[in-house]
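Working notes, beginning with the structure itself.
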Amino acid sequence: MRAIHQEPIVVARSQQTLMIAAYAVISVALVEFTLFHLHLPPLRFYPVVLLLSLLLVLNAAWNRLQQRLGELAANRLFFSLSAVIFLIVNYFGLDEGWTFLPFLLFVIASQAVVGLGMKYGLALSGLLFLGWNGVLWLRGVPLASILAQIPSIALGLIFTLVFSIVLTRLSEQMVRTERLAAELQAANEALAAARERELALAVAEERVRLAHEIHDGLGHHLTALHVQLQAATRLLDRDPERAAQALNLCREEAQAALREVRQSVAMMRNNPVAGQPLPAVIAGLVRDFSRVSSLQVSFIQEGEVGDIDPATAMTFFRAVQEGLTNAQKHAQATTVTVRLIATADKIRLEVINDGPPAPPIAETGFGLAGLRERATRLGGEMQAEPQPTGGFRLVIALPRSGGTVHDPHSVS
């Protein structure tokens, strides 16, 4: 006989409920038989007492058998022995008058429905019912008497089986409810953890963004300030007038740097390119840089830029700042060309200086790495590399819509 797979928790709970009933019924049968059937011959009396005691022990050991032998093997052994004991005790214990032994059928049938599943449990119950009637026939009970008691025993058996099925379904519902509650709690915990991770990620991204803004904005002004202070130091003795002009420019750069710091501390709420056309903003940035730098900077526009996303405009603004600052600090260049090229689907910015040949650079600082992150977020690309004939070339291309789709040919 093969056991049907059921939820282990459902079977365990149903077994615990039916085990109490089984102990009660077997104990009552044992006591009733011992007290009221002592007149039976010893060869019939003592085997029944021994087998009822064995059935009681077998029920107590059912769970342990399942743990040691496995559910399938343990159930086969348990119900085979229970069925044999039931038939034997009824054969030897059959006596004139009333006896409690037939009620063992109800216990075994209910246990079979829970332990073997409905299909095999009903089949075993039917076989035991037929077997019990066969025992009566073997002991010489008249056929009329057998037929007379069939309706009452069958009715009791049906009631027991229905009760067992309902008990199993209730147990399944309880287990399913508890499982759903546990899954819901786990989902809530996972959602809370995801919210915490999302919040931590948002905080980290905002910190990185703020660091990039401080570097790109404040670093640009501090570089220009440093250049003018060096010039003022050299000119202080031999050309005080030009030194004073350099110091005035230093004051303007310091004021601009202070405004940049205030904007950064205020979480960059004030966008430097807000409300202005991008070409005008870049032209103003080039003009201001030319005033404080010895480099010759030119700005070229090709195509109409029009209205673009503020994040895209800010990225181009920071790219021009980074390109000019790096040319001033590292390139040893004399000229810088800023070119803004607008097409129907994308906008391209180039910042090229004419410094001497240099090896490739590593993006270890905030500047170029920050620009690449900005470009990636907006669906564009960036290149920053020395040119074979000398100088350095910074190119950044972004889609007009600020989308997230990469165009592998957008930077060449």
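The values are calculated or read from the model by the stated rules, or taken from the named source; none is laboratory data. For clarity, every value in this text was computed on a predicted model and none was experimentally measured. Positions of Cβ are backbone-derived with ideal geometry, glycine not excepted, and every protein chain shown enters the neighbour counts. Surface accessibility is based on the protein's heavy atoms, side chains included, excluding ligands, DNA and RNA. Shrake-Rupley method; radii C 1.70, N 1.55, O 1.52, S 1.80 Å.
What to note about this one:
- Being open to solvent by 20 Å² or more (accessible area, probe 1.4 Å), touching a Phe, Trp or Tyr at 6+ places or on another chain (Cβ under 9 Å) and at pLDDT 90 or above is a property that F92 has.
- Taking each residue of segment 161-186 that is surrounded by fewer than 14 Cβ atoms within 10 Å (Cβ to Cβ) and looking for partners that are among the basic types (K, R) with beta-carbon atoms closer than 8 Å, six or more apart or interchain, yields M174/R13.
- Every pair of residues 6+ apart whose Cβ atoms lie under 6 Å, when the first sits in segment 328-341 and is under 12 Å from D354 (Cα atoms) and of a type in the set (S, T, N, Q) while the second is part of a strand (DSSP E or B) and modelled with pLDDT of 90 or more: T337/S298; T337/I352
- Selection within segment 1-20 - hydrophobic (A, V, I, L, M, F, W, C), in a helix (DSSP H, G or I) and modelled with pLDDT under 60: I9, V10, V11, A12
- Set side by side, the residues R251, R262 differ, and just one is open to solvent by 70 Å² or more (accessible area, probe 1.4 Å), modelled with pLDDT under 70 and not in a loop (DSSP other than H, G, I, E, B), which is R262.
- Leading residue by the ranking (modelled with the highest pLDDT) among those in segment 21-69 that are outside any helix (DSSP H, G or I) and surrounded by fewer than 15 Cβ atoms within 10 Å (Cβ to Cβ): P41
- If you go through segment 312-344 and keep only what is of a type in the set (A, V, I, L, M, F, W, C), open to solvent by 10 Å² or more (accessible area, probe 1.4 Å) and within 16 Å of A224 (Cβ to Cβ), you end up with F317, A331, A333.
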